[in-house]
Structure formats: structure tokens, C-alpha cells
1. Here are some conditions: (1) touching a helix residue (DSSP H, G or I) at 6+ places or on another chain (Cβ under 9 Å); (2) loosely packed, with under 15 Cβ neighbours inside 10 Å. G7 meets all but one. Which one does it not meet?
2. Within the stretch 10-29, work out how many residues are open to solvent by 30 Å² or more (accessible area, probe 1.4 Å), under 16 Å from R54 (Cβ atoms), part of a loop (DSSP other than H, G, I, E, B) and out of contact with any Asp or Glu (no Cβ under 6 Å at 6 or more places or on another chain).
3. Cβ-Cβ below 9 Å, separation at least six or inter-chain, first residue in the stretch 39-53 and closer than 9 Å to K66 by Cα and among the acidic types (D, E), second outside any helix (DSSP H, G or I) and open to solvent by 70 Å² or more (accessible area, probe 1.4 Å): which pairs?
4. Is at least one residue of the stretch 40-53 outside any strand (DSSP E or B), within 11 Å of the chain's Cα centre (by Cα) and of a type in the set (D, E)?
Amino acid sequence: MAEVLTGSASETSGIKAGDIITKVNSKEVGSVQEFEEIFDTTKAGDSLRILLFRDDKFQEINLLLKP
């Protein structure tokens with residue numbers, strides 16, 4: 001991610017600027033556009049399972065979208 005907004009669901013879930021998101025809900029993400037398409041179809045209150053690459057290792061984070 002290029003930028004994470006202070007107080008956003010991304011920040012509170014542990015996503016940081018510089019993280020490389022590789023999968024969302026087990027679906028490969030190869031571009032910002034693909035991430036946005038998945039994100040746009042998600043409703044408030046839903047949870048996303050995000051696999052990201054940070055500091056030479058993969059991490060899984062659950063992101064809960066605020067209602």
C-alpha cells in the first residue's frame with residue numbers, strides 16, 4: 001500500500017504503508033485495480049482476509065469493514 005489513512009480500518013487491522021497485498025479472501029491480487037474491484041463489492045460489516053508481504057515474509061491480516 002502506498003498510503004494508509006490514520007484511523008482507517010486498514011490502519012487498525014495492522015496494514016502499513018509499503019505492504020504488498022498479494023491475496024484478498026484467497027483471490028490473487030496483482031494490481032491496485034484488482035484490489036479495488038474486490039473492495040468495491042464488499043459491504044460494511046464484512047471481513048476480508050488479506051495476505052500481504054512485509055519485511056521479507058508473508059502475513060495474514062483480517063480486515064473488518066466498519067458499518
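The values are calculated or read from the model by the stated rules, or taken from the named source; none is laboratory data. No experiment lies behind these values; they were computed from the predicted model shown. Cβ coordinates were reconstructed from backbone atoms using ideal geometry, including for glycine residues, and neighbour counts include every protein chain displayed. For the accessible areas, the whole protein counts, side chains as well, though only heavy atoms, and no ligand, DNA or RNA atoms are used. Shrake-Rupley method; radii C 1.70, N 1.55, O 1.52, S 1.80 Å.
1. So the condition that G7 fails would be (1).
2. Counting residues in the stretch 10-29 that are open to solvent by 30 Å² or more (accessible area, probe 1.4 Å), under 16 Å from R54 (Cβ atoms), part of a loop (DSSP other than H, G, I, E, B) and out of contact with any Asp or Glu (no Cβ under 6 Å at 6 or more places or on another chain) gives 2.
3. What qualifies is D46/L64.
4. no
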